[in-house]
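The block underneath contains the structure these notes are about, expressed in structure tokens.
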Amino acid sequence: MIQNQALPKLITFNEFLDWKPENGHYELYKGMIVEMQPKGKHEEISGFLAVELAVFFRQSKLSYFLLKQALIKVPNENSGYLPKNCGLKPPLLRG
């Protein structure tokens, strides 16, 4: 027997920003909310890369910094991601 199930409602990036709670890690993938729970080896690699990037930026005298909670919108797509490591020059940051 096939049961009728409601399809999830796709949302826009702006609706996602309005909905997104302060706690938890959520991303928007093609209009669908996805809860992210990185752990284990993923976190170990992310931490290692953060240290290496910070050292590189400082040694190279670059004015970049690492963002901790950046939500990156994909151009021309209804998606937004929380990258583990994102180096950015201050003028490019928008709140």
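The values are calculated or read from the model by the stated rules, or taken from the named source; none is laboratory data. This structure is a prediction, so every number in the text was calculated from the model and none was measured. Every residue, glycine as well, gets a Cβ built from its backbone with ideal geometry; the counts of neighbours run over all protein chains shown.
Listed values, structure above:
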| quantity | calculated |
| --- | --- |
| Within the range 57-86, tally of residues that are part of a strand (DSSP E or B) and charged (D, E, K, R) | 1 |
| Unique residue being under 17 Å from F13 (Cα atoms), modelled with pLDDT under 85 and of a type outside the set (S, T, Y) when the list is G87, G80, G95 | G95 |
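Quick grid of which residues meet (1) of a type in the set (V, I, T); (2) touching a residue at least 60 places away in the same chain (Cβ under 8 Å); (3) in a helix (DSSP H, G or I):
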| site | (1), (2), (3) |
| --- | --- |
| G24 | no, no, no |
| I45 | yes, no, yes |
| F48 | no, no, yes |
| V55 | yes, no, yes |
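To keep it simple, each residue is scored yes or no on (1) farther than 16 Å from K84 by Cβ; (2) in contact with a Leu (Cβ under 8 Å, 6 or more places away or on another chain); (3) of a type outside the set (F, W, Y).
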| position | (1), (2), (3) |
| --- | --- |
| E22 | yes, no, yes |
| K30 | yes, yes, yes |
| K39 | no, no, yes |
| A54 | no, yes, yes |
